[in-house]
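Data block below; observations after.
The values are calculated or read from the model by the stated rules, or taken from the named source; none is laboratory data. It should be emphasised that the depicted structure is a prediction, and the values quoted were computed from it without experimental measurement. Cβ atoms come from the backbone with ideal geometry, glycine included; neighbour counts cover every protein chain shown.
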Amino acid sequence: MKQGLFEVLKNKRLTDSVYEMTLAGDTSAITAPGQFVNIRLDGFYLRRPISVCDCEEGKLTIVYKTVGKGTEYLAAAKTGDKFDVLTGLGNGYDLALSGSSALLIGGGVGVPPLYLLAKRLISEGKSVKVILGFNTASEVFYEEEFKALGASVTVTTADGTKGVKGFVTAAMDCGCSYFYTCGPEPMLKAVYAASKTSGQFSFEERMGCGFGACMGCSCKTVTGYKRICKDGPVLRKEEILWQE
Amino acid sequence: MAGMKVNLCSLELDNPVIPASGTFGFGYEFAELYDINILGTFSFKGTTREPRFGNPTPRIAECTAGMINSVGLQNPGVDKVISEELPKLQKVFSKKVMANVSGFSVEDYAYTCEKLDKCPQVGWLEVNVSCPNVHGGGMSFGTSPESAAEVTKAVKQITTKPVIIKLSPNVTDIVSIAKACEEAGADGISLINTLLGMRIDLKTKKPVIAIVMGGFSGPAVFPVALRMVYQVSSAVNVPVIGMGGVSSAEDVIEMMLAGASAVEVGAANLVDPYACKNIIEALPEAMKKYGIDNLEDIIGGARNG
């Protein structure tokens, strides 16, 4: 974990409520795809945890959805604005377990962390298939970005206005050796039930600190209690215990 | 930094800044960022007789100038704290640590305190009779003078180290409870624990916190905490540790003027992991600005004359 000042390079609207922000700053603490950053916003007490979408030396990209006043504040940020950011939070995805062909399944704002994952897997010479699930055509983002990396992309929409009609599970049967997923919990549960191989799931929870100190975001797993922010957000399929 | 030293129940602290229990874990997350030996000491994660997961999530809610938590004393239990956490802590923290203890019966408190009292690393026992997040115990001990005194007496009988009783602000008369603890043998009083609060999600129209309510802390509670520290320290003769919304060197000075011998910093650690380091580094400048040579000299200064 590192604390640093990041300067907004660009804050671009991708859909009605989804934005892509690139920031300049020290990214040396970010070691794996699936990690997140925690951003301090003036006038808000708690930081906002947001997954890393892309990262290179000195440059960080996040893609976020406006869901409340904090993210609306973030959406209004201009080029040159500066934010206090904690970086290198969470465990991230483990690439070593992927085998030769990986399936990446993202739903809504669960899509962004899969971008850096796809980039890294492809750079290791692995075949990557991506399913991007959305409610409707106007919400779709990053389809071209994934294609540009060399991934094979299937878009699903719940209302059938683009790509395959239905949920991400409608496109999961593809013979891949392993999967990685991130999205809303009902989607994660559906992926868990439909999956035939092992895989990794990225979870979301309301966090206090985001770095393991407050125990605000703990969950029960097969291997004991885990803090989503520190021991997660990525859990292996075998260790997940679904609540209730 | 001689001017920053304070005495807490016969043990000297290099400075009065103490991360509060539940906001600093067992120190390691922070030790990755800075040398935590600069702290006066710290109060480790509330420890109980048995391991606890705590409450269902969500157990965090944001508020204006603060936050609500309903963690509910998640901890590995006293045996694992002693066999696993304390040896790990020893590698990054060479000072005496404050052991924070919770329980669900008088026997629980006594059992856990007796075990921690035997650990050479432990300098003080901070007995939490005020956690708002546990049903069927916990806070109820801190809401009547009789039960708070009963816990104090039981712990004092079987321990050798200074016993500091941590009080709840969710009571009608905190002074009578503090006095009852002092009479029962408490070596110090710490206050305040969190204020019981809640938030409702306008989209779902349901409470944000899974168990509905939780403990509210952060800068918003500072004036309430300051007032209670003032009242309690005026009424007892044992040292008082002030806490509640402390976020700056100025807040530390204000707490000490109200009567605190040392000051705990809680929620601020969660928002800024460097909060305590920044406060300690800012103290000499703030002392100079307000003409303070020795922090010990200003304890309760707002009361005199």
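So B:ASN133 clears everything in (1) within 14 Å of chain A (Cβ to nearest Cβ); (2) at pLDDT 95 or above except one condition, right? Which one?
(2)
Taking A:LEU103 and the conditions (1) within 14 Å of chain B (Cβ to nearest Cβ); (2) part of a strand (DSSP E or B); (3) of a type outside the set (Gly, Ala, Ser), which numbered condition does it fall short on, given that it satisfies the others?
Only one criterion in (1) within 14 Å of chain B (Cβ to nearest Cβ); (2) part of a strand (DSSP E or B); (3) of a type outside the set (Gly, Ala, Ser) is unmet by A:LEU103, namely (1).
A:THR87 - would you say it is over 27 Å from A:SER195 (Cα atoms), among the polar types (S, T, N, Q), more than 14 Å from chain B (Cβ to nearest Cβ) and buried (at least 19 other Cβ atoms within 10 Å of the Cβ)?
For A:THR87, the condition - over 27 Å from A:SER195 (Cα atoms), among the polar types (S, T, N, Q), more than 14 Å from chain B (Cβ to nearest Cβ) and buried (at least 19 other Cβ atoms within 10 Å of the Cβ) - is not met.
Whether any residue in the stretch A:15-28 is within 14 Å of the chain's Cα centre (by Cα) and either free of Cβ contacts under 8 Å to residues at least 24 places away in the same chain or within 14 Å of chain B (Cβ to nearest Cβ) (or both) is what I want to check.
Checked against the condition, which is being within 14 Å of the chain's Cα centre (by Cα) and either free of Cβ contacts under 8 Å to residues at least 24 places away in the same chain or within 14 Å of chain B (Cβ to nearest Cβ) (or both), the stretch A:15-28 yields no hits at all.
Check the stretch B:112-128 and report whether any residue there is in contact with a Leu (Cβ under 7 Å, 6 or more places away or on another chain), closer than 29 Å to A:ARG40 by Cβ and surrounded by 22 or more Cβ atoms within 10 Å (Cβ to Cβ).
Among the residues of the stretch B:112-128, not one is in contact with a Leu (Cβ under 7 Å, 6 or more places away or on another chain), closer than 29 Å to A:ARG40 by Cβ and surrounded by 22 or more Cβ atoms within 10 Å (Cβ to Cβ), which makes the answer no.
For the stretch A:121-165, how many residues are part of a helix (DSSP H, G or I), within 22 Å of A:TYR19 (Cα to Cα) and small (Gly, Ala, Ser)?
Adding up the residues that qualify gives 3.
Among what's in the stretch B:2-29 and is over 17 Å from B:VAL263 (Cβ atoms) and within 14 Å of chain A (Cβ to nearest Cβ), pick the residue that is surrounded by the fewest Cβ atoms within 10 Å (Cβ to Cβ). Break it down stepwise before answering.
First, pick out the residues of the stretch B:2-29 that are over 17 Å from B:VAL263 (Cβ atoms): B:2, B:10, B:25-29.
Keeping just the survivors that are within 14 Å of chain A (Cβ to nearest Cβ) gives B:25-29.
Numbers: B:GLY25: 26, B:PHE26: 23, B:GLY27: 22, B:TYR28: 17, B:GLU29: 20.
So the residue we want is B:TYR28.
Conditions tested, residue by residue: (1) among the basic types (Lys, Arg); (2) touching a residue at least 40 places away in the same chain (Cβ under 8 Å); (3) more than 18 Å from B:VAL246 (Cβ to Cβ).
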{"residue": "B:THR41", "(1), (2), (3)": "no, yes, no"}
{"residue": "B:GLY46", "(1), (2), (3)": "no, yes, yes"}
{"residue": "B:PRO51", "(1), (2), (3)": "no, no, yes"}
{"residue": "B:ASN69", "(1), (2), (3)": "no, yes, no"}
{"residue": "B:VAL78", "(1), (2), (3)": "no, no, yes"}
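Which is without any contact (Cβ under 8 Å) to a residue 60 or more places away in the chain and either crowded, with 21+ Cβ neighbours inside 10 Å or among the polar types (S, T, N, Q) (or both), of A:GLY133, A:GLY92, A:GLY107?
On inspection, the qualifying residue turns out to be A:GLY133.
Looking for something without any contact (Cβ under 8 Å) to a residue 12 or more places away in the chain, buried (at least 17 other Cβ atoms within 10 Å of the Cβ) and within 14 Å of chain B (Cβ to nearest Cβ) - is there at least one such residue anywhere in the stretch A:199-210?
Of the stretch A:199-210, the ones without any contact (Cβ under 8 Å) to a residue 12 or more places away in the chain are A:206.
Narrowing further to those that are buried (at least 17 other Cβ atoms within 10 Å of the Cβ): A:206.
Going one step further and asking which of them are within 14 Å of chain B (Cβ to nearest Cβ), we end up with A:206.
The answer is yes; a qualifying residue exists.
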